[in-house]
1. Please enumerate, by chain and number, the lysines with C-alpha under 28 Å from the C-alpha of LYS317, excluding those fewer than 8 residues away in the same chain.
2. Would you mind ranking LYS71, LYS262, LYS170, LYS101 by Cβ crowding within 10 Å, fewest neighbours first?
3. Which of ARG236, ARG287 comes first, and how do the rest follow, when ranked by fewest Cβ neighbours within 10 Å?
4. Measure off 7 Å from each Cα along the Cα-to-Cβ vector at ASP2 and ARG202, then give the distance between these two points in nanometres to one decimal.
5. In nm, give the distance between the simple-model label positions of GLN215 and LEU244, each being 7 Å from the Cα along the Cα-to-Cβ direction.
6. With just the Cα atoms defining each centre, how far is the stretch 97-172 from the stretch 1-43? Give it in Å.
7. Counting pairwise Cα distances across the stretch 215-293, what percent come out greater than 22 angstrom?
8. Taking the beta-carbon count within 10 Å as an exposure proxy, list LYS6, LYS91, LYS317 from fewest neighbours to most.
Amino acid sequence: MDLQGKRFLVTGGTGFIGRGVIKALLDAGARVRCFDNDSRGNSARLGEMLSKIEMVHGDIRDAAAVRGAMKGVESIVHLAYVNGTEYFYTKPELILDVAVKGMINILEAAMAERVKDLSLASSSEVYQTPPMVPTDETAPLSVPDVLNPRYSYGGGKIICELMAINYGRKNFDRVTIFRPHNVYGPAMGYEHVIPQFAERMRALPSGDNVPFPIQGTGQETRSFIFIDDFAQGLLRILEKGQHLNIYHIGTEDEVAVEHLAKTVAKVMERSIQIQPGKLQPGGTLRRCPDITKLRGLGFVPKVSLEEGLRRTLAWYKENPKPASV
């Protein structure tokens with residue numbers, strides 16, 4: 001699909017990932033309508049892009065507002081969700097409310113307005129503890145413990161995937177699902193591991209080998225993808241993705257949390273000594289995507305972890321966490 005002149009609705013567009021997606025779409029020549037209530041993002045984050053897009057303020061749980069935002073578009077990128085690990089544990093009911101009502105509203109509005117192209121943002125959290133690492137898109141999805149509030153996030157994403165696929169069979173020309181894997185970059189918020197490490201290191205006393213407590217042993221792994229690379233991966237899906245297909249967006253660089261902490265310290269010119277701690281219930285020991293399918297669409301990640309951290313931490317140095325956040 002040629003993105004030039006294509007009319008997109010991006011929900012959750014004032015968030016961290018939303019900003020990166022809108023920028024990439026505009027750079028590709030697309031026309032963008034952004035729908036958000038700024039509950040987690042901020043329209044000001046879009047900066048000069050605000051003059052190049054149509055901004056619609058509304059709650060994804062408001063069916064009438066979503067229907068209004070859907071009018072006249074050709075394609076949807078549905079990002080609106082409640083993200084941030086802290087919220088998995090503290091606001092599980094809100095996460096599920098936004099997930100389920102939002103997905104229903106998007107599908108019903110799209111069908112009513114005859115919008116036939118939908119790309120849904122899912123998450124690596126849908127498969128929790130994968131049977132194989134690197135993990136491809138065929139890994140079974142699971143909610144290991146319904147009593148653990150953490151799984152409100154992954155559970156909500158599983159519901160969204162099921163709805164998108166099964167409504168998509170008869171009512172859409174193309175439905176694609178993409179699963180981001182630890183997207184990071186400047187202005188990503190203060191609830192994620194990289195900005196949290198940065199804030200904590202900034203508060204450490206001076207000296208060498210300063211104790212730095214972490215959750216878990218430090219050998220738990222993740223892969224991290226810089227926001228610019230993520231946005232380019234999504235563009236490949238929007239251009240070439242196949243109907244009822246799922247794509248992992250990430251890198252295949254599996255990074256231990258201890259290595260991540262030490263790389264953050266290196267960039268910040270700090271010297272730390274890792275102190276292992278207790279891992280929160282539900283924490284996954286290893287996670288790294290197989291991105292063979294996305295590579296097949298022409299995607300190649302370009303930004304190394306250290307370079308991405310330099311760009312990210314430079315922003316956080318200038319924008320430390322406000323006391324009220």
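No lab work stands behind these numbers, since they all come straight from the coordinates. Quick caveat, the model's predicted, so the values are computed rather than measured. All Cβ positions, even for glycine, are placed from backbone atoms using ideal geometry, and neighbour counts span all protein chains on display.
1. By straight Cα distance, LYS317 reaches LYS23, LYS262, LYS266, LYS302.
2. Ranked by crowding around the Cβ, least crowded first: LYS170, LYS71, LYS101, LYS262.
3. Working: ARG236 19, ARG287 22.
Listed from fewest to most nearby Cβ atoms, that is ARG236, ARG287.
4. 4.7 nm
5. In this crude spin-label approximation the distance works out to 3.7 nm.
6. Cα centroid to Cα centroid, the span is 20 Å.
7. Tail of P(r) above 22 Å: 42 percent of Cα pairs.
8. On the way: LYS6 19, LYS91 16, LYS317 12.
Least to most surrounded, the residues fall as LYS317, LYS91, LYS6.
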